[in-house]
Amino acid sequence: MSSQRIFDITLDEATILWRNPDVERERRVAMQDLIEENTFTPLGAVADGHDGPWALHLSIRDNCLSIGVRNAEGAEVGTIQLGLTRFRRTVREYFAICDSYYKAVRQMSAQEIETLDMARRATHDQATRMLVDALEDSVETDFATARRLFTLLCVLHIKG
């Protein structure tokens, strides 16, 4: 198993004001899938001579995603800051589509649900590409890992 991976991830619970059951399920699945399979190399930590695997703590502070990075021994090895302004519209669109999707699951036809699910996935993929680009100078990662990180970023955005 590669050492350039995430072995633990936590979210700043103080940042998260409210989660409905659908969002909580998405959070749980994203975190579990992320731990099971991921590729994550924090370039600054590696350049400073640190080795993975990595434990991450995600929070939002001053309109920035803050990714605290620790090594396997628990030592802090860096923090990655990422401005969130570029994601504002996409996150809002993603929330709107998810809301429609969750309502559709309860009351619409399979075809309508499928259409909304395709739109949800397309928006999620677009935002994931934006996240990969934004992290390019700080982190080497794969699309699947970035996709799950975007899901967690969305969970941190929920304000109730």
Run down Gly68, Gly74 and say which single residue is under 14 Å from the mean Cα position of the chain (by Cα), open to solvent by less than 60 Å² (accessible area, probe 1.4 Å), without any contact (Cβ under 8 Å) to a residue 60 or more places away in the chain and more than 19 Å from His124 (Cβ to Cβ).
-> Gly68
Mind checking whether some residue in region 20-39 is in contact (Cβ under 8 Å) with a residue 12 or more places away in the chain, crowded, with 16+ Cβ neighbours inside 10 Å and touching a Phe, Trp or Tyr at 6+ places or on another chain (Cβ under 8 Å)?
-> no
Test set (1) in a helix (DSSP H, G or I); (2) over 17 Å from the mean Cα position of the chain (by Cα); (3) at pLDDT 85 or above - Asp137 fails condition number | (1)
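Has region 30-45 got at least one residue that is within 18 Å of His157 (Cβ to Cβ), modelled with pLDDT under 90 and not in a loop (DSSP other than H, G, I, E, B)?
Pass one, region 30-45, residues within 18 Å of His157 (Cβ to Cβ): 30-31, 34.
Retained after the next criterion (residues that are modelled with pLDDT under 90): 30.
Then drop every residue that is not not in a loop (DSSP other than H, G, I, E, B), which leaves 30.
Scanning region 30-45, I find at least one residue that is within 18 Å of His157 (Cβ to Cβ), modelled with pLDDT under 90 and not in a loop (DSSP other than H, G, I, E, B), so the answer is yes.
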Looking only at region 51-65, count how many residues are open to solvent by 60 Å² or more (accessible area, probe 1.4 Å) and either more than 18 Å from the chain's Cα centre (by Cα) or of a type in the set (D, E, K, R) (or both).
-> 3
Please identify the pairs in which a residue from region 83-110 that is open to solvent by 80 Å² or more (accessible area, probe 1.4 Å) has its Cβ atom under 7 Å from the Cβ atom of a residue that is not β-branched (Val, Ile, Thr), counting only partners at least 6 apart or on another chain.
-> Thr85/Asn63; Arg86/Met130; Arg86/Ala134
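The values are calculated or read from the model by the stated rules, or taken from the named source; none is laboratory data. Keep in mind the model is a prediction, meaning the values are calculated, not measured. A quick note on method: Cβ atoms are made from the backbone with ideal geometry, for glycine too, and the neighbour counts reach across all protein chains shown. For accessibility, only protein heavy atoms count, side chains too; no ligands or nucleic acids. Shrake-Rupley method; radii C 1.70, N 1.55, O 1.52, S 1.80 Å.
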